[in-house]
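Input: a single structure, listed below in structure tokens.
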Amino acid sequence: MQRKSISTRHMLLSLIIVTCLSSRTHSQIRFTEHVIATNYTTASYVYAADLDKDYDIDILGASRGLEHQSWWENDGHQNFTEHILDDTFPSSNCILAVDLDQDGDEDILASSSADNFIKWWENDGTATFTDHVITDAFSSAMGVFAIDMDSDGDIDVIGASRSRRAVHWWENDRNQNFTEHAISDTISSPYDVFACDLDGDDDIDVIGTSQNKHSHVWWENDGSEIFTEHVFASNYGTCDYFEAADVDGDDRLDIVGASFGSGGVTWWRNEGNKTFTQRTISETFPSAGKVQAVDLDEDDDMDIVGVSYSMNTVAWWENDGGENFTQHTISDSLVGPWHLFATDIDGDNDIDMLVSGFGSDQIVWFEHSTSSRTRGDTNGDWDVDLLDVITAVNHILEISILEGDDLWAADCSDDGEIDLLDLIGIVNVILGIGNCEP
């Protein structure tokens, strides 16, 4: 086919469109809610892993209000069947999966604030679990975490005790016999713990949250499991969860968290010298629970997901690549969401959201929907954005040709041609002043 010559008018049209729209993109990510469990009283924590080794993702949930803790088996089509893990383990604040005995299957680790237990359940490889006590004297046991603390090749355990003001770790002797060591006994009402090599010196440091204190800390490991406390957040407010992730892509782990009291979602930039600079993601997200960093829109930067208990909201903040964040709502109807876990639940290579409804007594998951093509999405990337404008302009100028689904998506006016009306329709979608449907 002979190409049309590109006139000055055509070039100006393209330039005007590019100039006007270069900063105006509109995310088309959608989520569909699915209920996994109801009447799971004060659901406090969720986690996802393949527990039965059948190549799909099963679900774990902790309940503060029940005497038992459960997991839900996925049949491969996201139909979930509940199994009681332990019917004598009340008031759990944390539950997670980890191969603690390193035999190739996922075991389970959890805490009980009522019974002062930290336990693990050994998986025999067929999702039949046998419980083992790590400690029965860690009063008001809250968060737990599993990692190789001492670099000896086995998995150790970290825990927080609210009433004892303690963050301790239990050393695994490689045969799952555990010896308790103190990290701190002076932190006010610790709630959760997270561990990673925060300062990049090849040993595992620990981050702790405080429900009372307005200063939050991390403990530096000297390589011999002797810990020095550092404050990274002062006057921040009550916080229940922190985690570490490389938010700005500089190969250093930053800290992400949210304040239940002040309603802020925040990240602290790791400056590389054991100091952190506070950066705001949102100042208007009250009663915030768990937040997590994940590349939700698959554009090679870290977005943030989080829940607000009082707003009944599950949200995500889109990173523009320069750590400027735009909030999007996933749901505003789940009563009292408290904890979340972002992972690919349905095996379709995008990130879904697993959420505990503390106020609704539910466990739900939000399916990241990319199964239907949107009108205006000319290039099949599931966004209607500047690239679609360029694609449509190129087709009009006969620099490139659209066919099949691409042609259908670009033909907003449904007249069998790609023309100026379709270009206007795509622009309207991006600007949020209309749609591309005929």
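Would you pick out the residues in region 122-149 that are more than 30 Å from ASN212 (Cα to Cα) and surrounded by fewer than 22 Cβ atoms within 10 Å (Cβ to Cβ)?
GLU122, ASP124, GLY125, THR126, ALA127, THR128, PHE129, THR130, ASP131, HIS132
Determine if region 257-264 includes at least one residue that is within 20 Å of GLY321 (Cα to Cα) and in a strand (DSSP E or B).
Within region 257-264, one or more residues are within 20 Å of GLY321 (Cα to Cα) and in a strand (DSSP E or B).
So, of the residues in region 308-347 that are assigned to a loop (DSSP other than H, G, I, E, B) and acidic (Asp, Glu), which turns out to be nearest to ASP361 (Cα to Cα)?
Among those that are assigned to a loop (DSSP other than H, G, I, E, B) and acidic (Asp, Glu), it is ASP332.
Of these, ILE84, ILE17, ILE6, which one is open to solvent by 60 Å² or more (accessible area, probe 1.4 Å), at pLDDT below 95 and over 22 Å from ILE330 (Cα atoms)?
The conditions single out ILE6.
With LEU386, LEU340, LEU397, LEU354 as the choices, which residue is open to solvent by less than 40 Å² (accessible area, probe 1.4 Å), within 20 Å of THR284 (Cβ to Cβ) and either more than 16 Å from the chain's Cα centre (by Cα) or modelled with pLDDT of 95 or more (or both)?
LEU340
Name the residues in region 265-302 that are charged (D, E, K, R), free of Cβ contacts under 8 Å to residues at least 60 places away in the same chain and part of a loop (DSSP other than H, G, I, E, B), would you?
Matches in region 265-302: GLU271, GLU283, ASP295, GLU298, ASP299, ASP300, ASP301.
Any residue at all in region 319-326 that is surrounded by fewer than 18 Cβ atoms within 10 Å (Cβ to Cβ), at negative phi, without any contact (Cβ under 8 Å) to a residue 60 or more places away in the chain and charged (D, E, K, R)?
The answer is yes; a qualifying residue exists.
Go over the candidates GLY200, GLY223, GLY237, GLY257 one by one and state the one that is open to solvent by less than 10 Å² (accessible area, probe 1.4 Å) and more than 20 Å from the chain's Cα centre (by Cα).
GLY237
So which strands (runs of 3 or more DSSP E) are wholly in region 125-168 and hold at least 3 residues that are under 21 Å from ASP185 (Cα atoms)?
In region 125-168, 141-147, 156-161 are the strands (runs of 3 or more DSSP E) which contain 3 or more residues that are under 21 Å from ASP185 (Cα atoms).
The values are calculated or read from the model by the stated rules, or taken from the named source; none is laboratory data. Only a predicted model underlies this, so the values are computations on that prediction, with no experimental measurement involved. Glycine gets a Cβ as well: all are built from the backbone with ideal geometry, and neighbour counts include every protein chain shown. Ligands, DNA and RNA are excluded from the accessible area calculation, which covers all protein heavy atoms including side chains. Shrake-Rupley method; radii C 1.70, N 1.55, O 1.52, S 1.80 Å.
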